[in-house]
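Student: I have a structure here, written as structure tokens, and I will follow up with some questions on it.
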Amino acid sequence: MRIKDRYISPFTDFGFKKLFGTEPNKDLLIDFLNELLRKDEGEIVDLSYISKEQLGRSADDRKAIFDIYCENEKGDKFIVEIQKAKQRYFKDRSIYYSSFPIQSQGKQGKWDFELTSVYTIGILDFVFEEDKNDHDIYHHEVQLFDKSTQKVFYDKLTYIYLEMPKFTKTEAELETHFDKWLFVLRNLEDLTKRPEKLQEKVFAKLFAQAEIASYTDDEYAQYEESLKYYRDLNNSIDTAFDDGKMKGKIEGEIKGVLKGKIETAKNMKKKAYPIDDIAEITGLSVTEIENF
């Protein structure tokens, strides 16, 4: 496969990490999160990346691997995830993942249980089945809610989901800085140049970082693998839905994709790719790859 696009897809593992998960591009993530969270969080000044692989309290506990996990200067935690395809228990997984940054704040000895805020942000390349007929709402913000008082009961645990297929504004319709961010996420892979409306410094840097022609051969190979996985996954799920055999077909196809990821990891390991790069491309954990 030869990539003909000018810019990377942010919905690939490589693309998302390249743009938002590296220290040199931290300012891009800060700008995006400020647009998303400013009314609740205030201005984020700085972020520190935390290990994406979170372990349970014991060796037998299930672990979690985030796309991006970071904290700001106040200690508030942010899980930022690209979700490439529908998952049967996606909301359950979001809740489960959010439990790790909550538990990590526990202190031994005398502790009053005060917690810092935890935000789980899902940038979705699909639409929730229950919301598919509501074409106007693509930005969901969820907190613990008291049904009796109709007020937020607890504001330190927030889930934000962006249903990107519902964001259909054209360049001419972009009004806010947040609109521009969503437009970039939705359309970057299909653009051939930076749009006139996106002339801010942050977007100049994003487009420079997203330009495939500037990548080394190694980066290009990593992106090819990541893009192939993303497109294979989408094709598998589209085929399953078209056939009207959603559950069994999807499960079978996903198992096939997993097998393909394992084979990709084994091949990259034979070629002496760094373990961290293999994990990023395939989505497999470092431990799984080391055990091959």
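Student: Within segment 274-292, count every residue that is free of Cβ contacts under 8 Å to residues at least 24 places away in the same chain and under 21 Å from Phe16 (Cα atoms).
Tutor: So the answer is 6.
Student: Is it the case that some residue within segment 100-117 is touching a helix residue (DSSP H, G or I) at 6+ places or on another chain (Cβ under 8 Å) and not aliphatic (A, V, I, L, M)?
Tutor: Taking segment 100-117 as the starting set, the residues that turn out to be touching a helix residue (DSSP H, G or I) at 6+ places or on another chain (Cβ under 8 Å) are 115, 117.
Filter once more, so that each one left must be not aliphatic (A, V, I, L, M): 117.
So far as segment 100-117 goes, yes, one or more of its residues are touching a helix residue (DSSP H, G or I) at 6+ places or on another chain (Cβ under 8 Å) and not aliphatic (A, V, I, L, M).
Student: While we're looking at this one, here's another question. Please enumerate the residues belonging to segment 119-137 that are within 16 Å of the chain's Cα centre (by Cα) and touching a residue at least 40 places away in the same chain (Cβ under 8 Å).
Tutor: Listed by number, the residues that qualify are Tyr119, Thr120, Ile121, Gly122, Ile123, Leu124, Asp125, Phe126.
Student: Just to be sure, is Thr158 in the same structural domain as Tyr7 (by TED's automatic domain parsing), among the β-branched types (Val, Ile, Thr), buried (at least 17 other Cβ atoms within 10 Å of the Cβ) and over 27 Å from Ile281 (Cβ atoms)? Steps first, answer last, please.
Tutor: Numbers: in the same structural domain as Tyr7 (by TED's automatic domain parsing): yes; among the β-branched types (Val, Ile, Thr): yes; buried (at least 17 other Cβ atoms within 10 Å of the Cβ): yes; over 27 Å from Ile281 (Cβ atoms): yes.
In short, yes.
Student: Look through segment 16-47, keep the residues that are without any contact (Cβ under 8 Å) to a residue 24 or more places away in the chain and not in a helix (DSSP H, G or I), and return whichever of them is surrounded by the most Cβ atoms within 10 Å (Cβ to Cβ).
Tutor: Looking at the filtered set, the residue picked out is Thr22.
Student: Return yes when Ser99 is assigned to a helix (DSSP H, G or I), within 30 Å of Lys26 (Cα to Cα) and over 16 Å from the mean Cα position of the chain (by Cα) and no when it is not.
Tutor: On the way: assigned to a helix (DSSP H, G or I): yes; within 30 Å of Lys26 (Cα to Cα): yes; over 16 Å from the mean Cα position of the chain (by Cα): yes.
The answer is yes for Ser99.
Student: Please go through segment 149-176 and give me each residue that is closer than 13 Å to Gly122 by Cα and part of a strand (DSSP E or B), ordered by number.
Tutor: Thr158, Tyr159, Ile160, Tyr161, Leu162, Glu163
Student: On to the next question. Tell me, which residue of segment 5-15 that is assigned to a helix (DSSP H, G or I) and of a type outside the set (Asp, Glu) is surrounded by the most Cβ atoms within 10 Å (Cβ to Cβ)? Walk me through it before giving the result.
Tutor: The initial filter retains those residues of segment 5-15 that are assigned to a helix (DSSP H, G or I), namely 13-15.
From the residues that got through so far, the ones that are of a type outside the set (Asp, Glu) too are 14-15.
Details: Phe14: 26, Gly15: 23.
Looking at the filtered set, the residue picked out is Phe14.
Student: Follow-up question, since we're still on this one. Considering each of Glu225, Glu173, Glu200, Glu189 in turn, give the residue that is under 18 Å from the mean Cα position of the chain (by Cα) and in the same structural domain as Arg6 (by TED's automatic domain parsing). Spell out how you get there, then give the answer.
Tutor: Numbers: Glu225 fails: in the same structural domain as Arg6 (by TED's automatic domain parsing); Glu173 fails: under 18 Å from the mean Cα position of the chain (by Cα); Glu200 fails: under 18 Å from the mean Cα position of the chain (by Cα).
Residue meeting the stated conditions: Glu189.
Student: Name the single residue that is farthest from Asp155 (Cα to Cα) among those in segment 69-115 being among the hydroxyl-bearing types (Ser, Thr, Tyr) and touching a residue at least 60 places away in the same chain (Cβ under 8 Å). Quick ask: steps written out before the conclusion?
Tutor: First, the residues of segment 69-115 that are among the hydroxyl-bearing types (Ser, Thr, Tyr): 69, 89, 94, 96-99, 104.
Now restrict to residues that are touching a residue at least 60 places away in the same chain (Cβ under 8 Å): 94, 98.
Working: Ser94: 17, Ser98: 14 Å.
Among those that are among the hydroxyl-bearing types (Ser, Thr, Tyr) and touching a residue at least 60 places away in the same chain (Cβ under 8 Å), it is Ser94.
Student: Here's another thing I want to ask about it. Condition first: in contact with a Lys or Arg (Cβ under 9 Å, 6 or more places away or on another chain), under 17 Å from Phe20 (Cβ atoms) and hydrophobic (A, V, I, L, M, F, W, C). Now tell me which residues in segment 181-201 satisfy that.
Tutor: If the condition is that a residue be in contact with a Lys or Arg (Cβ under 9 Å, 6 or more places away or on another chain), under 17 Å from Phe20 (Cβ atoms) and hydrophobic (A, V, I, L, M, F, W, C), then Leu182, Phe183, Leu198 are the ones that fit.
Student: Return the total of residues in segment 75-96 being among the hydrophobic types (A, V, I, L, M, F, W, C), in a helix (DSSP H, G or I) and closer than 25 Å to Ile30 by Cα. Break it down into steps so the answer makes sense when it comes.
Tutor: Step one: list which residues in segment 75-96 are among the hydrophobic types (A, V, I, L, M, F, W, C), which gives 78-80, 82, 85, 90, 95.
From what's left, in a helix (DSSP H, G or I): 90, 95.
Adding the requirement that they be closer than 25 Å to Ile30 by Cα leaves 95.
Within segment 75-96, residues that are among the hydrophobic types (A, V, I, L, M, F, W, C), in a helix (DSSP H, G or I) and closer than 25 Å to Ile30 by Cα number 1.
The values are calculated or read from the model by the stated rules, or taken from the named source; none is laboratory data. Everything quoted here is computed from the prediction, not taken from an experiment. Neighbour counts are summed over all protein chains in view; Cβ atoms, including those assigned to glycine, are modelled from backbone coordinates with ideal geometry.
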